[in-house]
Amino acid sequence: MSATVMDGKALAAKVKSEVRCKVESLSKKPGLAVILVGDDPASRVYVNGKKRDCAECGIYSEEYALPAEISQEELLDLIDVLNGREDIDGILVQLPLPKHLDERQVLLAIRPDKDVDCFHPFNVGQLMIGEDGFLPCTPAGVMRMLDEYSIDPAGKHCVIVGRSNIVGKPQAMLMLRKNATVTVCHTKTADLKAECLRADILVAAAGRAGLITGDMLKEGAMVVDVAINRNEQGRLCGDVVYEAAVERASFITPVPGGVGPMTRAMLMENTLYAAKLHGKW
Ligand code: GUN
């Protein structure tokens with residue numbers, strides 16, 4: 001079997017053009033503030049991408065590039081100002097933050113109705129109990145991609161490798177909502193191969209190149225690779241050994257061009273949703 005490759009880039013373009021259509025119909029534009037602290041090169045690339053997406057969607061964006069030495073108080077003061085501004089619907093603080101800053105306190109300071117990352121405990125709680133609200137961008141992008149390829153998680157066994165707050169845990173919640181049976185694996189899982197072999201849908205989000213080899217996949221599994229790593233040659237790759245997996249899976253996401261673009265598209269949807277919460281549509 002050779003898998004159908006799920007084209008995240010094309011689907012993200014479609015989602016963004018839908019967002020743009022909606023934005024064009026509004027008299028007040030949605031606005032996103034993006035805060036970057038320090039000069040981490042990967043974070044800079046991500047922030048540039050988010051600003052480009054806003055421009056594509058007709059969303060107003062503002063960037064705050066702050067020095068790494070900024071104090072907790074100064075950062076909280078900025079968030080406070082942005083919380084109060086009507087033209088700013090969403091506030092995103094790019095992670096990771098420099099060590100001296102208290103990430104939890106920073107995320108708590110963002111008003112829940114402007115929390116387009118869905119990192120605030122209120123929104124995480126809403127997600128957990130299945131209420132409407134923001135959806136975390138990467139897991140929501142995964143679900144949208146499955147939907148586009150008519151993959152219904154109901155009754156399927158979904159194995160998630162990774163238990164981060166950004167991907168693994170919220171992904172498990174979204175899969176549960178869609179009636180999958182969910183297993184979450186992590187570094188202390190006793191037999192990762194045995195768990196993965198039970199997966200109808202495998203979501204790899206560990207951040208370790210080469211972790212998921214072809215012999216860990218059930219024939220016909222649907223493989224979603226969330227990770228973005230660099231291999232020894234410096235090329236971008238996921239957690240899954242793609243060349244082997246593509247021969248065993250029924251569906252697979254590439255890296256790059258799979259989940260990554262979908263994460264960014266979902267941020268645009270969340271910003272549009274925030275504008276709705278603020279009465280702009
Ligand atoms: N750093 C890595 N991924 C993310 C993300 O989804 N949102 C933010 N704010 N920072 C990140």
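The values are calculated or read from the model by the stated rules, or taken from the named source; none is laboratory data. Bear in mind that the values here come from a model prediction, so they are computed numbers and not experimental data. Cβ placement follows ideal geometry from the backbone for every residue including glycine, while neighbour counts extend to all protein chains displayed. Protein only, heavy atoms only, side chains kept; ligands, DNA and RNA dropped before computing areas. Shrake-Rupley method; radii C 1.70, N 1.55, O 1.52, S 1.80 Å.
With a 1.4 Å probe and every protein chain kept in, tell me what percent of the accessible surface of segment 79-165 is carbon plus sulfur.
After summing per-atom areas, the C and S share lands at 50 percent.
Starting from the Cα-Cα distance between D191 and R44, subtract it from 0.36 nm times their residue separation and give me the gain in nm to one decimal.
Once the chain is fully extended between D191 and R44, it gains 49.2 nm.
Give the residue from S150, L26, Y242 lying farthest towards the positive end of the charge dipole for the chain; charges sit on Cβ (+1 for Lys and Arg, -1 for Asp and Glu) and the dipole is referred to the Cα centre.
So the residue we want is S150.
Hey, can you grab everything whose amide H is under 5 Å from the amide H of V240? Only 5+ residues off in sequence or another chain; H modelled, so Pro and N-termini drop out.
Result for V240 returns G210, I212.
Which FRET efficiency value, to the nearest 0.05, is calculated for N179 and A244 with the Förster distance at 51 angstrom and r the Cβ-Cβ distance?
The computed FRET efficiency comes out at 0.95.
What does the extension gain come out to for D152 and A13, with contour length at 0.36 nm per residue minus their alpha carbon separation?
Fully extending the segment from D152 to A13 adds 47.8 nm.
Say the cut-off is 27 Å between C-alpha atoms; which of K16/K99; K9/K188; K16/K188; K114/K169 go over it?
Over 27 Å apart, Cα to Cα: K16/K99; K9/K188; K16/K188.
Sort 121-129, 272-280 by the packing proxy (mean of other Cβ within 10 Å over each peptide's residues), most packed first.
Result, highest mean Cβ count within 10 Å first: 272-280, 121-129.
Using label points projected 7 Å from each Cα along Cα→Cβ, tell me how many nm separate E232 and Q105, to one decimal.
Modelled inter-label distance: 4.5 nm.
Residues of the chain: accessible area per residue at 1.4 Å, in Å²?
Ligands and nucleic acids excluded, the figure is 47 Å² per residue.
Can you compute the FRET efficiency between A55 and M128 using 1/(1 + (r/R0)^6), with r the Cβ-Cβ distance and R0 = 35 Å? Round to the nearest 0.05.
Efficiency computed from Cβ-Cβ geometry: 0.55.
How many angstrom lie between the C-alpha centres of segment 63-78 and segment 207-221?
One Cα centre to the other: 41 Å.
From the backbone phi of segment 198-213, what are the Karplus-calculated ³J(HN,Hα) couplings (6.51 cos²θ - 1.76 cosθ + 1.60, θ = phi - 60°) in whole Hz, Gly and Pro given as x?
8, 7, 7, 10, 10, 10, 9, 9, 9, x, 9, 4, x, 5, 9, 9
Calculate the spin-label point distance for E24 paired with L95, positioning each point 7 Å from the Cα along the beta-carbon direction, and give it in nanometres.
In this crude label model, L95 to E24 measures out at 3.6 nm.
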